[in-house]
1. Going by what's in this entry, would B:Asp307 be described as surrounded by fewer than 21 Cβ atoms within 10 Å (Cβ to Cβ), of a type in the set (D, E, K, R) and not assigned by TED's automatic domain parsing to the domain that holds B:Val109?
2. Take the residues of the stretch B:462-489 that are of a type in the set (Phe, Trp, Tyr) and crowded, with 24+ Cβ neighbours inside 10 Å: which is nearest to the other protein chains (Cβ to nearest Cβ)?
3. Name the residue that is surrounded by the fewest Cβ atoms within 10 Å (Cβ to Cβ), counting only residues in the stretch A:127-147 that are touching a helix residue (DSSP H, G or I) at 6+ places or on another chain (Cβ under 7 Å) and within 9 Å of chain B (Cβ to nearest Cβ).
4. Do we find that A:Leu316 is within 14 Å of chain B (Cβ to nearest Cβ), more than 30 Å from B:Lys455 (Cβ to Cβ), buried (at least 23 other Cβ atoms within 10 Å of the Cβ) and without any contact (Cβ under 8 Å) to a residue 40 or more places away in the chain in this structure?
5. Looking at the stretch B:289-317, which of the residues that are over 38 Å from the mean Cα position of the chain (by Cα) and touching a residue at least 12 places away in the same chain (Cβ under 8 Å) is nearest to the other protein chains (Cβ to nearest Cβ)?
6. Taking the stretch A:164-185, which residues are surrounded by 24 or more Cβ atoms within 10 Å (Cβ to Cβ), free of Cβ contacts under 8 Å to residues at least 60 places away in the same chain and farther than 15 Å from A:Glu136 by Cβ?
7. Considering only residues that are without any contact (Cβ under 8 Å) to a residue 40 or more places away in the chain and crowded, with 20+ Cβ neighbours inside 10 Å, look in the stretch B:390-416 and name the one that is nearest to B:Pro475 (Cα to Cα).
8. May I ask you to verify whether A:Gly175 is in contact with a strand residue (DSSP E or B) (Cβ under 9 Å, 6 or more places away or on another chain), assigned to a helix (DSSP H, G or I) and either farther than 25 Å from A:Leu316 by Cα or of a type outside the set (Val, Ile, Thr) (or both)?
Amino acid sequence: MDILVLQKTVREELAKATAVQAVSDLELSYLGRNGKINELLKDIKSLSLEQKKTAGKDINSFKSFVAEEINKTKNILYLKEDQKISVDVTLPSSEDASGSLHPITIAVNEITGIFNKIGFIRMSYPEVDWEYYAFETLNMPVTHAARDDFETTFLSGSADKKMGKMVLTPHTSNGQVREMERLKSTPPIRMINIGKCYRPNWDATHTPMFHQFEGLCVDKGITIANLKGTLDYFVKSYFGENTEVRLRPHHFQFTEPSFEVDITCTVCKGTALAPLATASVARQAKCKICKSGWLELGGTGMVHPNVLKAGGIDPLVYSGWAFGFGIERVNMMKYGIDDIRNYYTGDIRFLNLF
Amino acid sequence: MNIKITHSWLLEYLETDATPLEIQKYLSLCGPSVERIEEVNGETVYDIEITSNRIDTASVLGIAREAAAILPMFGKKAILKKRLLKTPEVPSSSVPIEIIDEKGICRRVLGIVMEVYEVSSAPDYIAKRVLLTGTRSINNLVDITNYVMTEIGHPTHVFDYDRIATHRLILRHAKKGEEIITLDEKKYTLDESDIVIDDGAGRVIDLPGIMGTANSVVTNETKRILFFIESNDPVSIRRTSMRYGIRTMASTINEKNPDVELAYTAFLRGIELFTEVAAAKPLSPLIDIYPNKVKTGLINTSKSFIDTKVGAAIPLKTIVSILTNLDFIVEVTNGEELSITVPTHRVSDVTIPEDIVEEVARVYGYFAISSVLQRPAYVIQPKDKENLFHYQYEVKSFLKHKGYAEVMNYSACSPMLLQAFGQKQEDYLHITNSISEDIKFLRQSLIPSLVQNIKQNEGFSPHMHLFEIAKTYIPQEKGLPQEEFMLSITVNTSFDDLKKIVTALFANLNIATEIVQGGANEFLLASVQGTVKSGNEIFGSFGQVTPQFCRNLELDKSVFAAELYFEQLMMAARKMPIYKAFSQYAHITLDLTFKKIGSYTQIKERAFVASEKLISVALKDTYKDTITLRFVFTDPAKNLTEQEALEQLEKIKIGMESVKK
């Protein structure tokens, strides 16, 4: 037997193979149980011991040669095949189910997280409540004109002699005295109350149902500086590090002093100027969103002593601050969701945007 | 409310070097909010928001006073120029005039009869200002009353003296059903709580503080006037004006309790203008019915109290000068104790030390106070609340990722929707002053609204998977309704889709449940309804929405819905499943086909009863009346042999057959 001839034959056969399968077939014909190598091994039985030794060596080296050549050829062919694989990855995939969270849910989650970090616990209080919690405890006695500011939604449930009529809460502030009562009139209080509110307004900028988040902090020595600190923290966390906050005097019955909170406009960054369209514009137009560089966030103030008293807390020992902001409003300011009428219609075209 | 005043008018009461833009900026930061500045016909007009407690600022005089206190804090010159008003000379003999307020309905009544030279249009400067501040220019007499109101801040009225034939004015409560025609020719039927002026012959000649009546107002023929001001009861003014929807500037101011002392200033200023503009001469003395003079207020507080509430140390000198500029009189004792006299125009607003804190802090400048987070405090959040919010977000996210869209509907629905779902209105709480029939009845289930959502979206999306988590309001025998969070899911695709999501949801919350045929949800078909339970705990129902209800909404396609008690779900949910180590030994899977008798749940129960080595059952197929199940067997202590597994399967087979017999 001439190993060199055999090797040549193997090389020639492998050179003809153009697919991995053909090489696998060759592999079987040489290295398989009934392959040529085993044939050769059978043939050497008849040889003398000396010849057996030489032939055995030759056959083994031939076997290694075949295995190596087959492996090499296979790798080359595999590489060629791999190179043929090609997919247009820009083609769309088959559709996966895509659902959505309501924009209110997204904001509520974000806001809760921000206040959690500074130790405020989220609470939830009735949406149908007595006038007592919606007004009386908030320093708004029955005859008070301020009650007209909250054009209230009354319910058919029978009134209570002490508690007054049943109303849909016009604000989340009904949670203030309820939280004081829950804590048995014992501060500290650190509450964030998020809920649905109701007022009988239905137009381009009002829906009869909306959401508020209410902050309430009562402790010894709580100051206006603390309120400013908290608002500053919230506004920077929620709207961005460069957002500034300012307080302006205002009036609410349940706070004294009372403020309105403005933040630097999220669009013009407080410059009050519209983005420059062209360099040639001689006089830059005013920002269309804010006109003044500031956007109104909502109402706040230092808890009125009468509210603390209504919650059984001594205003000579404790003080506090409170605020109530609209979630639809902060969504508008932060994310530009400007038509709030879509929020509660269940329109799938709106919901699918989130 | 908002008022408009012009810059030139303001300068008649304020000496300043501040520009209109500076005035806008600084006033808004420390006092009334100047919302806009407009340039109209060469005049700068301020549009100013007046909060309900600061009616004293609803005038040129009031804004000038604020500016005089605020602008100097920004280094601007600002001095209040008070107008010197003379008491007019009155004739020794008076024309007949009698004003009677026997019951003391008003706190003060002022009146004077004057002879006017002519009724004409007002001089330009008056007509122009009246127009710019948002009122129509009528004639010199009426314009003066509006001019005085804007300048001084107290409403005034002018009668035609000769149209009150009796020359008597009696303040009294209206009689029920009494009719009047206001000067804008509108007719109103009055109530006993309204206050009117009677001419002594039973004729109503005014709705004081709100609007004059057609029968007594000045006309072009007027020769003699009665200039009249009264300080009415603010609550009564508000009620009457709200009841009839007569929202005049006068009523808006009067209902906010303007200063009674200010009425006299307005009176003298009015007389001065009638004299100047209409060459008027007094025909009667000044009538001033003022039984109880308004008192100034007194508040005792201290610098340290102010500092503690503000969170900053404001120099005593600054505190005193701020308050003095606002017309408070301050007496300092012991170096820091403050005894503060509150001027009459602030007595209804400034009553407690906190009000003084506001006055000082706002003029000092809220911007000048530093921002300091309060020291932390630990408040325990009730576990049920923590879980409620945690699982709400968890469940919402889960459903979102499963392809469901979250809806938020109004908490109330229409009578039509109730009717479509076979509900009785009387079982529901309803809004008594609803602005729309669409939101009248408080929901007790979320399913009707969600089915309505499917209907409304029909044209936009053929396949809909929706959910909502919201409160329902169940009326109680007594007291507030029970507010209960529900989770409802609706699909318009298939029952299988619904069951798949319900099953996956419970698995995700690690709640082991069983499903039984039938349920108590009245919106679902009894025959296509299941109840999800765990032991005795019922989580809710799922199934097909009764087709008749869908047809009532003109929905032809089937709708499937689940409604689950969210708080029950939340209480049973686990953040981690109950841990059970996986078996080290072989699992043997065997199939069996047999005749289906009873529900799948029952068959499954039977299988577990029959074999102690069974660990799971799955549905492989159903064909006609047969069912093919796949059983998995294992032994916790050793490797099960195939033979042993077959023996178990045989036990199950016998178990199933025993039911047939």
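1. In short, yes.
2. Ranking the qualifying residues of the stretch B:462-489, first place goes to B:Tyr473.
3. Ranking the qualifying residues of the stretch A:127-147, first place goes to A:Thr143.
4. The answer is no for A:Leu316.
5. Out of the qualifying residues, it is B:Leu316.
6. A:Leu168
7. B:Ala412
8. yes
The values are calculated or read from the model by the stated rules, or taken from the named source; none is laboratory data. Model, not experiment: these values are computed from the prediction. Cβ: placed from backbone, ideal geometry, glycine included. Neighbour counts: every protein chain shown.
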